Amino acid sequence: MSDLDDELDRAREQSQVRFRSAFESIFAKYGHIDEDDDIINLETGELLVDNGRMRNTKPIALGDLHYATDTDSR
């Protein structure tokens, strides 16, 4: 293998580690259902169970996620 191939393999492996880590973080934060969570039909957008979570969440416009913090109510 050439140096370029080795470098590409390392870069690919690092990318996979970052990707896996990002998904693990998402699953850790959102991978459970609290009994006080709202339930939404993802096909229709209909709110099936309203426990106030959506009503009490500040809307974030697409592209403004850099203003969001990890100190949400979870």
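The values are calculated or read from the model by the stated rules, or taken from the named source; none is laboratory data. Predicted model only: the values in this text are computed from it and were never measured. No Cβ is skipped: glycine too gets one built from the backbone with ideal geometry, and neighbour counts run over all protein chains shown. When the accessible area is computed, the model is the full protein with side chains, heavy atoms only, and any ligands, DNA or RNA have been set aside. Shrake-Rupley method; radii C 1.70, N 1.55, O 1.52, S 1.80 Å.
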Do the conditions hold for PHE27, that is, is it modelled with pLDDT under 95, open to solvent by less than 100 Å² (accessible area, probe 1.4 Å) and not in a loop (DSSP other than H, G, I, E, B)? no
Can you go through ASP6, ASP38, ASP34 and tell me which one is among the acidic types (Asp, Glu), in contact with a strand residue (DSSP E or B) (Cβ under 7 Å, 6 or more places away or on another chain) and either surrounded by 10 or more Cβ atoms within 10 Å (Cβ to Cβ) or under 21 Å from THR57 (Cβ atoms) (or both)? ASP38
